[in-house]
Every structure is written in C-alpha cells, then in structure tokens.
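The values are calculated or read from the model by the stated rules, or taken from the named source; none is laboratory data. Just so we're clear, the structure is a prediction, and the values are computed from it rather than from any experiment. Cβ atoms come from the backbone with ideal geometry, glycine included; neighbour counts cover every protein chain shown.
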Amino acid sequence: MNSAINLGITFTVTFVATFATTPIVANAMRSRGITGVDVHKTSKTKVPEMCGLAIIIGLAIGAIVYCLTMTLAVREAAAFIGTVLIAGAIGIMDDVHPLGARTKPLLTALACVPILVLGTYVPYPTIPFYGTIRLTIVYPILIPIAIAVTSNSINMMDVMNGSMPGTVAIIAFTMLGVLLWSSELRTATLASGLLAAMLAFFYFNRFPARVFGGDTGSLSVGAALGALAILGRIEAVTVVALIPHIMNSFYGLSSVRGLRERREILQRPTELLDDGLLRASSRKGAPVTLARLILAAGPLGEKDVVRAMMMLTAVSSLLAVFTYWIMVYVK
Amino acid sequence: MKRILLLAAIEVFVWFILLLITFVISKEVIEISFGIGTLLERVATQTVRLLVSATLILGWLLAWKKVADLYLSRMLRRHGTSA
C-alpha cells in the first residue's frame with residue numbers, strides 16, 4: 001500500500017513539476033533567442049529550444065520526493081538522477097556547441113558513472129529461454145554501451161513534434177507495468193516519474209510544437225530509459241520495446257555508412273511539400289529513417305507520421321510484455 | 001493503416017528472429033565445449049561461443065536491414081519514385 005502511495009506521489013509531483021516548469025524554461029529560452037526552426041512546417045515557425053531542461057528539473061524534483069518517501073532507496077534514486085543529469089549536461093553542451101558524431105556517443109557513455117560508482121546494478125541479466133546469466137566481468141563494460149545506445153537512439157527519434165515524448169511515454173508505461181509485475185517497486189516508482197515527465201512534456205511538444213526538447217531533453221530521457229533497464233533488471237524487455245528507435249538509428253547509421261552528426265548529412269530523409277504534407281525522399285543517398293519508411297507508402301502530415309511512430313512503439317511494447325512473459329514462464 | 005501493419009509485421013519479424021537467436025544461443029551455442037581442463041581449452045570454448053553468437057546477431061541485423069531496404073524500395077517504386 002505504501003509503495004502504491006509513493007508511486008502515486010512521485011508520478012504526481014514529477015508531472016506537476018515538469019508541466020509547471022516547461023513554459024518558464026520556454027520563455028527563458030525565447031527571451032535569450034535560443035530558438036529552432038520547425039522544419040516540417042511551411043510557415044517555418046521559430047520554437048524555443050532546449051526545453052528538455054524542464055524534463056530534467058521535473059525528474060530531479062520527482063527523485064528528491066522519492067528519496068524523502070522511500071528512504072531505503074536513495075542509492076537507486078541517486079544513480080538514476082545522476083545518470084540523467086550527466087546526459088542532460090552533455091545535451092546542453094551539444095545544443096550550445098554541436099559535438100562531433102563520435103564525441104557525442106562517447107560522452108553519453110560516461111553518463112553511466114553514477115550507476116557504476118554506486119554499484120546499483122546486478123550483473124546477472126535474464127535472457128529468454130535461458131534464465132539468469134552470470135556476467136560479472138562483461139556487464140559493467142556493457143553498461144556504458146547501453147546508456148550510449150539508449151540516449152542516442154532516443155535523440156535520433158526526436159525529429160518531429162511529439163515523437164520523442166510520445167513514444168517514450170509508451171515505453172515508460174510498459175516498463176512501469178513490467179517492473180510492477182516483477183515486484184521491482186523502487187524502479188517502478190522511478191519509471192512512473194519518467195512517464196509523468198513525458199506526459200507533461202508531450203502536452204507542449206505535440207503538434208504543433210510550442211517547445212523543443214533539444215538534445216538536452218532527448219539525451220537525458222534516453223539515459224533515463226537505459227538506467228531504468230539496468231536498475232530494474234529488464235534489459236531484454238527494454239531492447240524489444242525500443243525496436244522502432246533502434247530501427248530508426250540502425251537504418252540511419254547503416255545507410256549513411258557510420259556515425260555522422262545530423263548536420264553533416266546533406267540529404268534529408270523526408271521532403272516538405274507545398275501543401276504541408278511530408279513525403280519520403282527518393283534520393284539514393286538519403287538516410288533510411290523510420291519517418292522515411294512510414295512515408296514511403298505515400299505523403300502524410302507530420303501529426304500522422306508521429307501517430308504511426310507511436311503505434312509502432314505500442315506494437316513493440318506489446319512484444320516487450322510478451323517477451324517478459326516468456327522470460328517468466330518459458331524455460 | 002496498411003503501412004503501419006506492414007511496418008508492424010517487420011517489427012514482429014525482427015522480434016521473432018531475435019527470440020529464435022536467443023533460443024539457439026541458450027540451447028545450442030552454450031553447449032559448445034572444448035573442455036575446461038586447461039586455460040587454452042577454456043579460452044577456446046569461450047571464444048567459439050562468442051564468435052558463433054556474434055555471427056548469429058550480425059545475421060539478425062543484416063536480415064533486419066535487408067527487409068527494411070526491400071520494403072522501402074518496393075514502396076517508393078509503387079508510388080512512382082525510385083530509391
């Protein structure tokens with residue numbers, strides 16, 4: 001009962017904090033001229049950038065409240081919020097002065113330091129059909145890779161209004177469900193905070209976007225997902241839930257042959273038509289992204305592309321739940 | 001809706017192959033053994049297990065990419081453009 005109350009409190013506080021902070025951060029960014037052009041609109045509106053700061057603030061306030069209500073779980077909360085803060089700091093650096101294509105994943109890998117230092121991981125991940133596997137030496141090496149992959153995958157999905165918070169909210173909801181199922185109540189409470197932050201931010205970032213999260217938001221949110229997967233021991237479930245995001249980044253990277261900063265890629269995967277619809281680029285060198293795959297079957301509005309992304313994330317999330325069922329019941 | 005169903009089918013395919021590979025690794029690859037008596041035998045066993053698993057995962061990634069490329073080129077062709 002206490003756990004349910006703590007979860008509810010963390011969810012509510014994170015939601016209110018993110019919801020209240022986002023317009024304040026947006027106004028501050030606008031007044032400093034930190035804005036970005038909404039490229040998928042014919043009007044080319046300028047939208048305040050770096051508003052992902054509000055997500056970080058919301059998650060931090062939620063984590064503090066979580067620590068106050070669950071005093072035994074301070075280490076987990078510190079590891080989680082430490083990872084988010086480091087990734088967020090790298091995001092701020094990238095938003096202010098774009099980092100190189102290789103520097104960014106390397107730096108985001110460092111965001112895992114709090115998890116490693118506080119020792120909030122269990123090097124015995126569960127693999128479907130096999131059960132628990134002992135990886136005492138390899139697991140700590142895999143943690144920075146996991147954080148770099150999740151944060152950069154979410155970053156690469158933050159391409160349209162609402163695509164990042166919309167899809168991550170679905171994944172966070174799935175993780176919350178699986179964590180409750182596996183009785184990982186502490187991590188479930190942190191997952192509820194992420195879900196709350198995503199729902200609050202989605203309200204402002206959905207079509208037509210009034211705020212952009214920037215790399216500040218997407219890298220910190222991606223790192224949060226990776227941290228939750230490690231803390232809650234649901235690595236396989238998270239990989240399956242992230243299939244659309246991995247699909248997007250993997251296709252993108254393989255089609256442009258390696259790590260490239262998006263500003264370096266001259267060909268765009270999608271084209272904006274005069275009527276405001278988007279269509280897939282037919283150019284040979286254009287990156288193969290999830291948006292391009294969705295649009296390959298014909299032009300759509302930005303809102304519909306994001307809806308398709310969210311539906312595909314819902315499918316992968318269902319597969320993730322089914323994967324967990326296999327992990328529990330099929331040996 | 002049709003486009004979502006096709007892409008969802010790719011997701012299910014990717015997930016199914018991933019599970020299949022996990023099954024093969026956990027039931028077959030893990031059974032590969034050249035003995036555990038000497039350090040050389042242990043290293044050989046671990047190396048072969050790792051190589052076989054890595055090859056299977058690489059195959060999974062390639063199959064994933066192939067299916068996506070096929071979908072993209074067919075869809076673009078059907079809609080009057082070529083990739």
> Quick one: in the range B:56-83, which of the residues that are surrounded by fewer than 12 Cβ atoms within 10 Å (Cβ to Cβ) and more than 10 Å from every other protein chain (Cβ to nearest Cβ) is nearest to the chain's Cα centre (by Cα)?
Replying inline: B:Leu58
> Does the range B:22-45 hold any residues that are within 12 Å of another protein chain (Cβ to nearest Cβ) and either exposed (fewer than 13 other Cβ atoms within 10 Å of the Cβ) or closer than 26 Å to A:His245 by Cβ (or both), and which are they?
Replying inline: B:Thr22, B:Phe23, B:Val24, B:Ile25, B:Ser26, B:Lys27, B:Glu28, B:Glu31
>> Anything in the range A:271-312 that is in contact with a His (Cβ under 8 Å, 6 or more places away or on another chain), over 18 Å from A:Ser254 (Cβ atoms) and either of a type outside the set (Asp, Glu) or within 9 Å of chain B (Cβ to nearest Cβ) (or both)? List them, or say none.
In response: A:Leu272, A:Leu278, A:Ala297, A:Gly298
> Consider A:Cys51 against the criteria (1) modelled with pLDDT under 90; (2) touching a Phe, Trp or Tyr at 6+ places or on another chain (Cβ under 8 Å): it satisfies all of them except one. Which criterion is unmet?
Replying inline: (1)
>> Return the residues of the range B:31-59 that are out of contact with any helix residue (DSSP H, G or I) (no Cβ under 7 Å at 6 or more places or on another chain), of a type in the set (Val, Ile, Thr) and part of a helix (DSSP H, G or I); say none if nothing qualifies.
In response: B:Val43, B:Thr45, B:Thr47, B:Val48, B:Thr55
>> Being within 14 Å of another protein chain (Cβ to nearest Cβ), surrounded by fewer than 22 Cβ atoms within 10 Å (Cβ to Cβ) and either without any contact (Cβ under 8 Å) to a residue 60 or more places away in the chain or farther than 22 Å from A:Asn248 by Cα (or both) is the requirement here; does A:Ile92 meet it?
In response: no
> Could you say which residue among A:Ala77, A:Ala63, A:Ala54 is within 30 Å of A:Ile5 (Cα to Cα), in contact (Cβ under 8 Å) with a residue 24 or more places away in the chain, surrounded by 19 or more Cβ atoms within 10 Å (Cβ to Cβ) and in contact with a Cys (Cβ under 9 Å, 6 or more places away or on another chain)?
Replying inline: A:Ala77
> Restricting attention to the range A:229-236, does a residue exist that is within 14 Å of another protein chain (Cβ to nearest Cβ) and either over 25 Å from A:Ile5 (Cα atoms) or without any contact (Cβ under 8 Å) to a residue 12 or more places away in the chain (or both)?
Replying inline: yes
>> The conditions are (1) surrounded by fewer than 18 Cβ atoms within 10 Å (Cβ to Cβ); (2) more than 9 Å from every other protein chain (Cβ to nearest Cβ); (3) in a helix (DSSP H, G or I); (4) at pLDDT below 95, and A:Met327 fails exactly one of them. Which is it?
In response: (1)
> A:Ser3 passes all but one of (1) modelled with pLDDT under 95; (2) of a type in the set (Ser, Thr, Tyr); (3) within 27 Å of A:Asp94 (Cβ to Cβ); (4) in a helix (DSSP H, G or I); which number fails?
Replying inline: (3)
> Do we find a residue being under 21 Å from A:Leu85 (Cβ atoms) and charged (D, E, K, R) anywhere in the range A:28-44?
Replying inline: no
> Can you name every residue in the range B:7-21 that is touching a residue at least 40 places away in the same chain (Cβ under 8 Å), surrounded by 15 or more Cβ atoms within 10 Å (Cβ to Cβ) and more than 7 Å from chain A (Cβ to nearest Cβ)?
Replying inline: B:Ile10, B:Ile17, B:Leu18
> Name the residues in the range A:129-150 that are in contact (Cβ under 8 Å) with a residue 24 or more places away in the chain and over 21 Å from A:His245 (Cα atoms), would you?
Replying inline: A:Phe129, A:Gly131, A:Pro140
> Any idea which residue in the range A:313-323 is nearest to A:Gly166 (Cα to Cα), counting only those that are more than 8 Å from chain B (Cβ to nearest Cβ) and not hydroxyl-bearing (Ser, Thr, Tyr)?
Replying inline: A:Ala314
> Within the range A:111-137, how many residues are within 30 Å of A:Ile92 (Cα to Cα) and part of a loop (DSSP other than H, G, I, E, B)?
Replying inline: 3
>> Can you confirm whether A:Cys51 is more than 29 Å from A:Pro98 (Cα to Cα) and hydrophobic (A, V, I, L, M, F, W, C)?
In response: no
